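Let me begin by presenting the structure, written as structure tokens, before commenting on it.
The values are calculated or read from the model by the stated rules, or taken from the named source; none is laboratory data. Because the structure is predicted, anything quoted here is derived from the model rather than measured. Cβ coordinates were reconstructed from backbone atoms using ideal geometry, including for glycine residues, and neighbour counts include every protein chain displayed.
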Amino acid sequence: MNVGKALFEILSTDAGITAICSTRVYPEIADQDAALPFIVYKVSDINPSGTKSGSSSLDTARVDVYCVADEYGDAMDLSDAARTALDRVGGTYNSVAIQSIDFDTADVEYD
């Protein structure tokens, strides 16, 4: 499963996100000097749904999306845009079939 490729397309082409952070969407890690605001996403877990007769044709992936900004309000706006872009989305992105993306939980951190 190449869910990361699909996420990159969804996040980097969504109008709500690009209005806030342009195309600053990074897989796994952003450069130390990356301009703010930006998004980093990480595929943290993939669970296959194998069958008796073959390998999994449907995997469940857990993804973490980090919305980083220098102002709290900007980070929240970017977070809302990312949730809107991803929640309940399905289709084919970067040749990766996505059945559905479901929002699970949120956490806010400050440094």
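Quick notes on this one:
- Index of the failed condition, residue 39 passing every other in (1) over 29 Å from residue 111 (Cβ atoms); (2) modelled with pLDDT of 95 or more: (1)
- Screening the candidates 106, 69 for the property of being at pLDDT 95 or above and among the hydrophobic types (A, V, I, L, M, F, W, C) yields one hit, 69.
- Complete set of residues in the range 75-111 that are among the charged types (D, E, K, R), on the phi < 0 side of the Ramachandran plot and in a loop (DSSP other than H, G, I, E, B): 87, 102, 104, 107, 109, 111
- Test: residue in the range 77-98 that is surrounded by fewer than 12 Cβ atoms within 10 Å (Cβ to Cβ), of a type outside the set (Gly, Ala, Ser) and farther than 19 Å from residue 4 by Cα: no
- Hits in the range 38-91 - residues which are in contact with a Leu (Cβ under 6 Å, 6 or more places away or on another chain) and over 17 Å from residue 13 (Cβ atoms): 49, 69, 70
- Of all the numbered requirements in (1) free of Cβ contacts under 8 Å to residues at least 24 places away in the same chain; (2) surrounded by 10 or more Cβ atoms within 10 Å (Cβ to Cβ); (3) over 16 Å from residue 9 (Cα atoms), residue 107 misses one, and that requirement is (2).
- The criterion of at least 2 residues that are among the hydrophobic types (A, V, I, L, M, F, W, C) and under 22 Å from residue 91 (Cβ atoms) is met, among strands (runs of 3 or more DSSP E) falling completely within the range 1-74, by 38-48, 59-68.
- Test result for residue 37, of a type outside the set (D, E, K, R) and closer than 18 Å to residue 74 by Cα: yes
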